[in-house]
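Here is the structure we will look at, set down as structure tokens.
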Amino acid sequence: MEIRGVFSSIDISSTGLAAQRKRMTAIAENIANVSTTRTPEGGPYKRKISYFETDKRKVNSVRTNTQGDRRLGVNYTHGNHLSPFHHKFHESRLLGVEYKQTQDTTTPDFVYDPSHPDANEYGYVAKPKINIITEMVDMISATRNYEANATAIEAAKGMAKRALEI
């Protein structure tokens, strides 16, 4: 899918919305499993860590307008636009975000509780390494980022609507 034209900002923000939604899901799973000491894979629950990368699947042609040694700016329009000028073609791959996820591979926290059914021979229980405060801060951040992307989409829709009124 190629992003271009009036809807490019909506397409970019929609990738951000989807990524933040997935991030919120991972945070919710971390909070829900803060006390899970036994998983089907064995051992305690492993915290999910979200991160983002530039979406490299989407490519857009960007033309840099130049006249002699003078740079005139960036042009996202048709190749015949400003035809007296020389166009240099570049590839732009900064067109959205891709959600990635990994698991925490650090050693789990051990708590002394010999009465727990998952305690080892020394009475220690392996607990997930999840800090509720960190998860709540991440949740607030994801919520604010989601709202910012939704606001950007609304602004782009408003601009497109105003452009159609001309």
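The values are calculated or read from the model by the stated rules, or taken from the named source; none is laboratory data. Quick caveat, the model's predicted, so the values are computed rather than measured. All Cβ positions, glycine included, derive from the backbone under ideal geometry; neighbour counts span all protein chains shown.
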Taking the residues in the stretch 127-166 that are aliphatic (A, V, I, L, M) and within 17 Å of K48 (Cα to Cα) as candidates, determine which candidate is nearest to the chain's Cα centre (by Cα).
-> A142
Total residues in the stretch 110-135, condition surrounded by fewer than 14 Cβ atoms within 10 Å (Cβ to Cβ), more than 30 Å from M24 (Cβ to Cβ) and not small (G, A, S) | 6
Tell me, please, whether a residue that is of a type in the set (D, E, K, R), in a helix (DSSP H, G or I) and within 16 Å of I10 (Cβ to Cβ) can be found in the stretch 136-143.
-> no
What about G42, is it modelled with pLDDT of 85 or more and either surrounded by fewer than 17 Cβ atoms within 10 Å (Cβ to Cβ) or touching a Gly at 6+ places or on another chain (Cβ under 8 Å) (or both)?
-> yes
Please go through the stretch 121-166 and pick out each residue that is of a type in the set (D, E, K, R) and closer than 30 Å to V34 by Cα.
-> E121, K127, K129, E135, D138, R144, E147
